[in-house]
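Read-outs throughout are calculated quantities, based only on the coordinates presented, and are distinct from any laboratory measurement. Fair warning: this is a prediction, and the values are worked out from it, not measured in the lab. As a convention, Cβ positions derive from the backbone with ideal geometry for all residues, glycine included, and neighbour counts pool all protein chains shown.
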Amino acid sequence: MNVLIVAGARPNFMKVAPVIAALRRRAHPALLVHTGQHYDEGMSDVFFRDLEIAAPDYHLGVGSGSHAVQTARVMEAFEPVLREVRPDWLVVVGDVNSTLACALVAAKLRPELGCRVAHVEAGLRSGDWRMPEEVNRVLTDRLADLLLTPSHDALPNLLAEGIDPARVAFAGNVMIDTLRAQLAAARALDMPGRLGLRKGGYVLVTLHRPSNVDDPGALAAVLDALARIAGELPVVFPVHPRTRSRIEAFGVGGDAAALHLLDPLGYREMLSLTDGAAVVLTDSGGLQEETTALGVPCVTLREQTERPVTISHGTNRLAPWPLTRGGVYDAFRQALDSRGAVPAGPEGWDGHAAERIVDALEGHAPSPTPVGEPRDAARAEVPA
Ligand code: UD1
């Protein structure tokens, strides 16, 4: 079984690492394509080092651009790679532009090359079609032959869209495979100590969603709320390049003066800081899951989440929307007060998701319902 795996952006690297390792343990040839959607040392290379991922077999070097430009560049550059490798499976992960672009190329070439597409992290839905990631998720799931879900809340979403359950397999959360494998090394780094912070005595923040950082008013409101929180506990804020450029362009840096602003961090550094935080405030999808696995209270700075299992689990909560100084502060206080017993992670967040993914790739028979032909949604059985 030949497998071609795609990674493009920061949140992809921790998802592909365990899958590549599991494939190689079972002697399946696995080649990695890096699209180059993220390219800075701190957004890409450091993850390859921390996670011990071998250099990509193909680097497409697409870089930044509008959604259309970035997606189109990935498609153009990826097509010849797919033709050359002719894998049995193309594995795409997550919901970034590179995910959809490569799945789309493979779907169009399927009749000619016979390559099937597997989507890791299938079935998550925010219900917010304004998010580029939601568009990417829904379309990638529609194109994929095998949909590997990270949590049990994903299956009803797919059935409601008329997807044949024969195409779906529960895998669990592969990002948590990486977290478990790296946690001891991350703790040994002692990032809180290096920054002069007390474990459990600081707040960690990340922010990069266009809805929070591309609008000057929204960004100023969040920074204002963070400045208020910084009056009580140190606030550490590794800043995504998109956010840094907006803070500079909008001149809203005054509120940020009370915060410890850092450059983007490597995987282990970030995990060390997350593990030691009193509370995490974030608009990232991955951090909602990592805090759930670690039992760290999280406030999600978004209108909704495609990862509701993190809320039902008890570690995550949504800040009131639209974000205001008072609303974010109150959500932070509630999260701080909720610290306590760590519930066991959701099912399948156990460090063995990559093994289940390879099991599914090895055992998956082509679906009786051709891909792209939804079952009658009215007939689909949606579990309560
Ligand atoms: C992308 C993903 C998002 C994910 C995020 C994690 C899409 C639609 N969005 O958003 O789901 O949560 O990655 O980071 O795929 N830039 C750099 N250096 C880099 C990469 C980007 O400076 O290495 C800057 C560029 O100015 C670029 C901007 O960041 O225009 C945004 O990058 P882009 O990849 O378009 O989207 P993200 O906001 O990173």
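Of all DSSP beta bridges confined to the chain, the antiparallel ones make up roughly 0%. Please work out whether the range 135-195 counts as rounded, prolate or oblate from its C-alpha gyration tensor, where a ≥ b ≥ c are the square roots of the eigenvalues and a/c under 1.5 means rounded, while otherwise a/b larger than b/c means prolate and anything else oblate? Prolate.
For the range 180-246, the square roots of the Cα gyration tensor eigenvalues, ordered a ≥ b ≥ c, give a/c of at least 1.5 with a/b no greater than b/c, which places it in the oblate category. In the elastic network of the chain, a GNM with C-alpha springs shorter than 10 Å, the most mobile of 245, 44, 126 is 245. For the chain, build the charge dipole from Cβ charges (+1 Lys, Arg; -1 Asp, Glu) around the Cα centre, then report which of 231, 120, 196 sits farthest towards its positive end. Value computed over the given set: 196.
Computed over the chain with a Gaussian network model linking Cα atoms closer than 10 Å, the most mobile of 261, 361, 51 is 261.
Projecting the Cα atoms of 253, 318, 158 onto the charge dipole of the chain, computed from C-beta unit charges around the Cα centre, puts 253 farthest toward the positive end. Counting only Cβ charges, +1 for Lys and Arg and -1 for Asp and Glu, the dipole size of the chain around its Cα centre is about 340 debye. Taking 169, 353, 72 as the candidate residues, the one with maximal mean-square fluctuation in a Gaussian network model of the chain, Cα springs under 10 Å, is 72. Taking only the alpha-carbon atoms of the chain, what semi-axes of the equivalent ellipsoid follow from 5 times the gyration tensor eigenvalues under a square root, in whole Å, largest first? One finds semi-axes of 34, 22, 21 Å for the chain.
The angle between the Cα long axis of helix 325-337 and the longest principal axis of the Cα atoms of the chain comes to about 80 degrees, rounded to the nearest 10. The convex hull of the Cα atoms of the range 320-369, projected and averaged over all directions, covers 7.3 nm². Just to confirm the number: angle between the C-alpha axis of helix 285-294 and the first principal axis of the chain, 0 to 90 degrees, nearest 10? Orientation of helix 285-294: about 70 degrees from the principal axis.
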